[in-house]
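Here the structure comes first, spelled out in structure tokens, and everything after it is commentary.
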Amino acid sequence: MWKRMASLSPLVSSSKSTLLNQAAYGFNIRKSLSTGISTPVKHGTMLKEKTPFITFVLGGPGSGKGTQCIKIAQTFGFTHLSAGDLLRREILSNSEYGTMILDTIKEGRIVPSEVTVKLIKKTIESSDNYKFLIDGFPRSEENRIAFEHIIGVEPNVVLFFDCPEEEMVKRVLNRNEGRVDDNIDTIKKRLKVFSSLNLPVVNYYSKRGKLHTINAVGTVDEIFEQVRAVFSVCEAMK
Ligand SMILES: Nc1ncnc2c1ncn2[C@@H]1O[C@H](COP(=O)(O)OP(=O)(O)OP(=O)(O)O)[C@@H](O)[C@H]1O
Ligand SMILES: O=c1ccn([C@@H]2O[C@H](COP(=O)(O)O)[C@@H](O)[C@H]2O)c(=O)[nH]1
Ligand SMILES: [Mg+2]
């Protein structure tokens, strides 16, 4: 469904991503949140037969982005693409960027936009789906601008999981998935980066009328009901 107009520079490894949510493939396109058109349109360097439907999922560390994305993907047929997971996978793939990415994640800083956007682009291009949840990206205005420049589209929807710092710290420290950044020192750094660099992106999309703020305190199901309402409105608008 997505055709490549120009090959990517070899910044990223050629290994096929297995992050794609297979649940998306059986999705009935007529029941989707389609804003698609039938003629191919060039966006950036990619030629597509269908306009992508992109949702950015933003929120601080531990606000529940990944947890909710799994439910959104299952319920609404999106492909879930976590920028952090793509970067962690890149570390494991012996990429020339592996060491730099690992050091950056340990310090809670942001990986250069070019690296992250190219990983995202490669994953999007290799998918048959056209509906993407981009989880944990963009993390800075520079990320946002690089995405728009390289991918050539803006998000249709931006979700923001609004969670108090105390709750985020508690969740991250209890996550227990062996992540190198799930320790109090890195969490403090990530929270600073969140305030100084992520929040301007949230504000940008708020001004553009694309932001849907979700109260991220409550049970997973309670929070998902707020999310469901956002996508139900999108469906009603099609
Ligand atoms: N509503 C909730 N209540 C309590 N715990 C939750 C809730 N949602 C998620 N969690 C738990 O909190 C932890 C962080 O959640 P999750 O990984 O989804 O956050 P995240 O926003 O993706 O974080 P990060 O940015 O660090 O990847 C996980 O252990 C998850 O199981
Ligand atoms: O777009 C991105 C996404 C992530 N990072 C780095 O990865 C870690 C972990 O990300 P999660 O979304 O929490 O899994 C993050 O703190 C950054 O260091 C990034 O640089 N750019
Ligand atoms: Mg996550």
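The values are calculated or read from the model by the stated rules, or taken from the named source; none is laboratory data. What you are looking at is a predicted structure, and each value in this text was computed from that prediction instead of being measured. Heads up, the Cβs are rebuilt from the backbone with ideal geometry, glycines too, and the neighbour counts pull from every protein chain shown.
Step by step: first the residues of segment 99-148, then only those that are under 23 Å from GLN68 (Cβ atoms) and among the basic types (Lys, Arg), then the one that is surrounded by the fewest Cβ atoms within 10 Å (Cβ to Cβ). Which residue is that? My answer is ARG144.
Okay, residues lined up against (1) closer than 24 Å to ILE101 by Cβ; (2) near ligand 1 (Cβ under 8 Å from one of its atoms); (3) of a type in the set (Ser, Thr, Tyr):
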{"position": "ARG144", "(1), (2), (3)": "yes, no, no"}
{"position": "PHE160", "(1), (2), (3)": "no, no, no"}
{"position": "GLU165", "(1), (2), (3)": "no, no, no"}
{"position": "VAL169", "(1), (2), (3)": "yes, no, no"}
{"position": "VAL172", "(1), (2), (3)": "yes, yes, no"}
{"position": "GLU177", "(1), (2), (3)": "yes, yes, no"}
{"position": "ASN183", "(1), (2), (3)": "yes, no, no"}
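Candidates VAL193, VAL180: the one that is within 19 Å of the chain's Cα centre (by Cα) and among the aliphatic types (A, V, I, L, M) is VAL193.
Every condition in (1) part of a helix (DSSP H, G or I); (2) away from ligand 2 (no atom under 15 Å from the Cβ); (3) within 20 Å of the chain's Cα centre (by Cα); (4) not acidic (Asp, Glu) is met by VAL153 except one, and the failing one is (1). Within segment 154-168, can one find any residue that is within 16 Å of ligand 3 (Cβ to nearest atom), surrounded by fewer than 17 Cβ atoms within 10 Å (Cβ to Cβ), modelled with pLDDT of 95 or more and more than 12 Å from GLY59 (Cα to Cα)? Within segment 154-168 (the criterion being within 16 Å of ligand 3 (Cβ to nearest atom), surrounded by fewer than 17 Cβ atoms within 10 Å (Cβ to Cβ), modelled with pLDDT of 95 or more and more than 12 Å from GLY59 (Cα to Cα)), the answer is yes, since at least one residue qualifies. All told, ILE134 falls short of being of a type in the set (Val, Ile, Thr) and either over 29 Å from GLY77 (Cα atoms) or part of a helix (DSSP H, G or I) (or both). Only residues that are within 16 Å of ligand 2 (Cβ to nearest atom), within 18 Å of GLY62 (Cβ to Cβ) and out of contact with any Cys (no Cβ under 8 Å at 6 or more places or on another chain) were counted in segment 202-238, giving 1. When GLU96 is tested against (1) touching a strand residue (DSSP E or B) at 6+ places or on another chain (Cβ under 8 Å); (2) among the acidic types (Asp, Glu); (3) more than 15 Å from ligand 3 (Cβ to nearest atom), only condition (1) is not met.
For every residue, the table says whether it meets (1) of a type in the set (Asp, Glu); (2) assigned to a loop (DSSP other than H, G, I, E, B).
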{"position": "CYS69", "(1), (2)": "no, no"}
{"position": "ILE72", "(1), (2)": "no, no"}
{"position": "THR75", "(1), (2)": "no, no"}
{"position": "ASP85", "(1), (2)": "yes, no"}
{"position": "GLU90", "(1), (2)": "yes, no"}
{"position": "ASN94", "(1), (2)": "no, yes"}
{"position": "ILE101", "(1), (2)": "no, no"}
{"position": "THR104", "(1), (2)": "no, no"}
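The set of residues in segment 107-124 being more than 14 Å from the chain's Cα centre (by Cα) and more than 15 Å from ligand 1 (Cβ to nearest atom) consists of PRO112, GLU114, VAL115. State yes or no: is ILE124 in a helix (DSSP H, G or I), in contact with a Pro (Cβ under 8 Å, 6 or more places away or on another chain) and at pLDDT 95 or above? Spelling it out, ILE124 is indeed in a helix (DSSP H, G or I), in contact with a Pro (Cβ under 8 Å, 6 or more places away or on another chain) and at pLDDT 95 or above.
Give me the helices (runs of 4 or more DSSP H) completely within segment 171-238, filtered to those with at least 3 residues that are in contact with a His (Cβ under 9 Å, 6 or more places away or on another chain), ordered by residue number. Explain how you work it out, then say what you get.
Details: elements: 184-193, 199-207, 220-237.
The helices (runs of 4 or more DSSP H) meeting that bar are 220-237.
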